[in-house]
1. Regarding K140, is this residue in a strand (DSSP E or B) and either surrounded by 15 or more Cβ atoms within 10 Å (Cβ to Cβ) or at pLDDT below 90 (or both)?
2. Take S145 and decide whether it is among the hydroxyl-bearing types (S, T, Y), within 15 Å of the chain's Cα centre (by Cα) and closer than 24 Å to A234 by Cβ.
3. Hey, can you tell me all the residues within the stretch 126-145 that are farther than 20 Å from K97 by Cα and either within 11 Å of the ligand (Cβ to nearest atom) or among the β-branched types (V, I, T) (or both)?
4. Please go through the stretch 177-192 and give me each residue that is touching a strand residue (DSSP E or B) at 6+ places or on another chain (Cβ under 6 Å) and either under 25 Å from K231 (Cα atoms) or not aliphatic (A, V, I, L, M) (or both), ordered by number.
5. With the structure loaded, tell me whether E227 is within 25 Å of the chain's Cα centre (by Cα) and in a helix (DSSP H, G or I) or whether it fails that test.
6. I'm trying to understand the selection: among the residues of the stretch 147-161, which are within 11 Å of the ligand (Cβ to nearest atom) and either closer than 15 Å to Q22 by Cα or in a loop (DSSP other than H, G, I, E, B) (or both)?
7. Condition first: in a loop (DSSP other than H, G, I, E, B), more than 16 Å from the ligand (Cβ to nearest atom) and surrounded by fewer than 18 Cβ atoms within 10 Å (Cβ to Cβ). Now tell me which residues in the stretch 171-213 satisfy that.
8. Could you tell me which residue of the stretch 91-137 is farthest from L201 (Cα to Cα), considering only residues that are surrounded by fewer than 16 Cβ atoms within 10 Å (Cβ to Cβ) and of a type in the set (A, V, I, L, M, F, W, C)?
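The values are calculated or read from the model by the stated rules, or taken from the named source; none is laboratory data. Please read all numbers here as calculations on a predicted model, not as lab measurements. Neighbour counts run over all protein chains shown; Cβ positions are idealised from the backbone, glycine included.
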Amino acid sequence: MSLDPIELGSFWMPKQSSTIAQEIDTAWYIVYWLDIAMFIGLMVPLAWFMYRYKKRGAKDNKVSDVTHSTTLEISWTIIPTILVIGLFFVGLSGWMKAMVAPGNALEIRTTAEMYMWTFTYPNGNVSVNELVVPKGQPVKLIMSSKDVLHSFFVPEFRVKQDLVPGTYTTVWFEATENRDTVLFCTEYCGVGHSDMMGRVLVLDKAEYDNWQETGLKPGEKPLPPAELGKKLYATRSCNTCHSLDGSRIQGPTFKGVFGRQEQIADGSSVKVDENYIRESLLEPNKKVVQGYPAVMPTYKGLLKETDIDAIIAYLKTVQ
Ligand code: CUA
């Protein structure tokens, strides 16, 4: 998989591509600059004292008789306390935002396993190692692991959350840029850990809807019907029940199915043509082939007209 490198937004940080990123970075930079100030505030006097009070010979070698300074002790207690309390509230504010997803968030079920990511969208679409999200809409991932601990990390969004077997964890973000960015597993999960990465594709709402509808990303051309049909055969689980090689699974094989004369359970017979395939997808139990259980679910509402056409086109090619 080719991935865009993470784009740097500043000297230390990647680009900010989510609504929470700014606040997280601000908290980080407050700590960072405080550290720098303290480092300088300690090291400069230290160096000065080393120079000023360096040993100059036996006659100067006497110890100061200062025992304590109340002012100094109070100030080095109070000032850090105020700083730490301030940092607590900065952190609390960001943490509250990061923990509670807005009510209108788009929920995407996320599963991690050694060594891949699976994303299931509200309409049942699935993508693997590629998370596609709309820009400007809160997205909430409801995550779990099939095996060991993994962790979901998108540096540009500043979100990171463990996935735990046997329980659900969540993370949410709202992407602010049309981006193609990287997602990492950031919990050591086995030998394939470093390969367990994926991409996050942020599309405009209309592009996202189109991708959900057609599976096409911006700039992609539609597949020829037979190829789309072949894809649907796998992605819509036709392959669970219908073989391509003549073997019997749950349902009749697709090998040579188009044009075949089938014996129906009620004793009549039907020729497999465009209309029969269409009917079998939408009302699968109307004309069940003799000797097979009537267990096929209806695809009404799950397949669009173009999908049905594509499946028919594909079945014509399965000989
Ligand atoms: Cu999954 Cu590391």
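1. Values: in a strand (DSSP E or B): yes; either surrounded by 15 or more Cβ atoms within 10 Å (Cβ to Cβ) or at pLDDT below 90 (or both): yes.
Here the answer is yes, as K140 does meet what is asked.
2. no
3. Of everything in the stretch 126-145, those that are farther than 20 Å from K97 by Cα and either within 11 Å of the ligand (Cβ to nearest atom) or among the β-branched types (V, I, T) (or both) turn out to be V126, V128, V132, S145.
4. Residues satisfying the conditions are N178, R179, D180, T181, F184, C185, T186, E187, C189.
5. Here the answer is no, as E227 does not meet what is asked.
6. D147, V148, L149
7. Within the stretch 171-213, the first condition is being in a loop (DSSP other than H, G, I, E, B), and the residues that meet it are 176-179, 186-192, 196, 204.
Those still in the list that are more than 16 Å from the ligand (Cβ to nearest atom) too: 176-179, 204.
Within the stretch 171-213, E177, N178, D204 meet the criteria.
8. L92
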